[in-house]
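**Q** Here it is: the structure, laid out below.
Since every read-out is calculated from the coordinates, none of them should be taken as a lab result. Only a predicted model underlies this, so the values are computations on that prediction, with no experimental measurement involved. Positions of Cβ are backbone-derived with ideal geometry, glycine not excepted, and every protein chain shown enters the neighbour counts.
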Amino acid sequence: MNTVAVRLQSLVEFMRRFAADGDENFARHIADGHADLYLRDIDHIKANTATWQKYIASH
């Protein structure tokens with residue numbers, strides 16, 4: 001499940017970089033809370049890794 005968290009973190013960094021470079025779409029996504037949602041998803045994944053591995057990754 002680390003792959004999911006790493007990819008979400010990369011997405012957040014990508015969004016922030018392009019927003020900082022003036023991309024209005026990414027700036028709007030960040031303003032709308034999308035990056036924060038992805039960061040919360042990362043926290044949830046990390047906090048529940050054992051559950052993910054037991055019930056999802058093993059199938």
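**Q** Which helices (runs of 4 or more DSSP H) sit wholly inside the chain and have at least 3 residues that are surrounded by 11 or more Cβ atoms within 10 Å (Cβ to Cβ) and among the basic types (Lys, Arg)?
**A** 2-20
**Q** If I ask for residues that are of a type in the set (Asp, Glu) and within 22 Å of Asn2 (Cβ to Cβ), which ones from the range 15-40 would you list?
**A** Matches in the range 15-40: Asp36 only.
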